[in-house]
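Each remark here refers to the structure printed beneath this line.
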Amino acid sequence: MMAQHKKSASKLPLINDESRAEIDQWIAKYPPDQKQSAVMAALRILQDQNGGYLSEDLIEATAEYLKMPPIAVYEVATFYSMYELEQVGRHKICVCTNISCKLCGSDDVLKHLQQRLGIGPGETSDDGRFTVKEVECLGACVDAPMFQLGDSYHGKLTPQRIDEILDGLD
């Protein structure tokens, strides 16, 4: 006897009206039969909606909304470093460790952050305030070493400059 498969309930209610409207703006930029081209924007929007990370249900909702196989959306979400699959701190610090930043001292940036915050790459502070992440090129080599904090880039980092930035956060 073959197992009966229940059709799972729609995941679309996970996408709130504001996010759906923003995703629809991105979908409109592509030909009607290419709505999956909006997958990166949709994941960013839903990650923001969810407080900084993508749950499995949100990945599945994205797939359903864009008419894509869930595995295809999961592949995008796991390939790019801007997507998170676990909750991150209120302030996510993405330290570039690619060649230009490495040659200009990104290892020192990571050491200073570890000393200052008590966490290393891939970790979140116990109070949930900070997450430190090593990332590939952020495209700001002229300001190496640099990191991205939220939506802002900070370059030509020194321990003093890092402390000034961190001291200015809530």
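Screening the stretch 20-49 for residues that are under 18 Å from GLN87 (Cβ atoms) and in contact with a helix residue (DSSP H, G or I) (Cβ under 6 Å, 6 or more places away or on another chain) and picking the one that is surrounded by the fewest Cβ atoms within 10 Å (Cβ to Cβ) gives GLN49.
Looking for something under 18 Å from ARG20 (Cβ atoms) and touching a Lys or Arg at 6+ places or on another chain (Cβ under 9 Å) - is there at least one such residue anywhere in the stretch 71-91?
no
Restricting the stretch 64-77 to residues that are without any contact (Cβ under 8 Å) to a residue 12 or more places away in the chain and touching a helix residue (DSSP H, G or I) at 6+ places or on another chain (Cβ under 9 Å), which is nearest to CYS141 (Cα to Cα)? Taking the candidates together, the pick is ILE71.
No lab work stands behind these numbers, since they all come straight from the coordinates. All figures in this text were calculated on a predicted structure; none of them were measured in a lab. All Cβ positions, glycine included, derive from the backbone under ideal geometry; neighbour counts span all protein chains shown.
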